[in-house]
Amino acid sequence: MTGARVQNCPGTLTQQQLTNFNSLSATLTQILGSETPCPGDGNLDKVVDQQDIKNWALFSQIQTAPSQSSSWYDFDFDGVTGASDLSKIQSNLGKRCVAKN
């Protein structure tokens, strides 16, 4: 692996640094991949509930330039906290998203 580079790895690294970086990067990817998906849970409390609806209502009213209001509640990533995002909350209302051990 001499001279190997990793995308998003800054600068020139020694072989030991590159090995350490790759190990840490793989571990981080594994940790992030273990997160249980929770569609509709904008406040990240692992429950889709009335609080998510209240928060969606708040964020949907905040206007940003150019008249779009993306937020944690923009589940479809269209740049707007809108009706389709509320639908995502409503269709998952009551869902508890806790990893099973």
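Rule-based calculations on the coordinates, nothing more; no lab input. What you are looking at is a predicted structure, and each value in this text was computed from that prediction instead of being measured. So basically every Cβ, Gly included, is an ideal-geometry build from the backbone, and we count neighbours across all protein chains shown.
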Where labels lie 7 Å past Cα in the beta-carbon direction, separation of Thr14 and Gln61 in nm: 5.8 nm
Computed lengthening from Asp76 to Asn43, 0.36 nm per intervening residue step minus Cα-Cα distance: 10.3 nm
Gln51/Thr27 FRET efficiency (R0 30 Å; Cβ-Cβ; nearest 0.05): 0.40
Spatially proximal aspartates and glutamates relative to Lys95 (Cα-Cα < 12 Å; intrachain offsets below 8 disregarded): Asp41, Asp45, Asp49, Asp52
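Please list 47-57, 74-84, 17-27 highest first by mean number of surrounding beta-carbon atoms within 10 Å per residue. Working shown, then result.
Values: 47-57: 17.5, 74-84: 15.5, 17-27: 12.6.
Output ranking for 47-57, 74-84, 17-27: 47-57, 74-84, 17-27.
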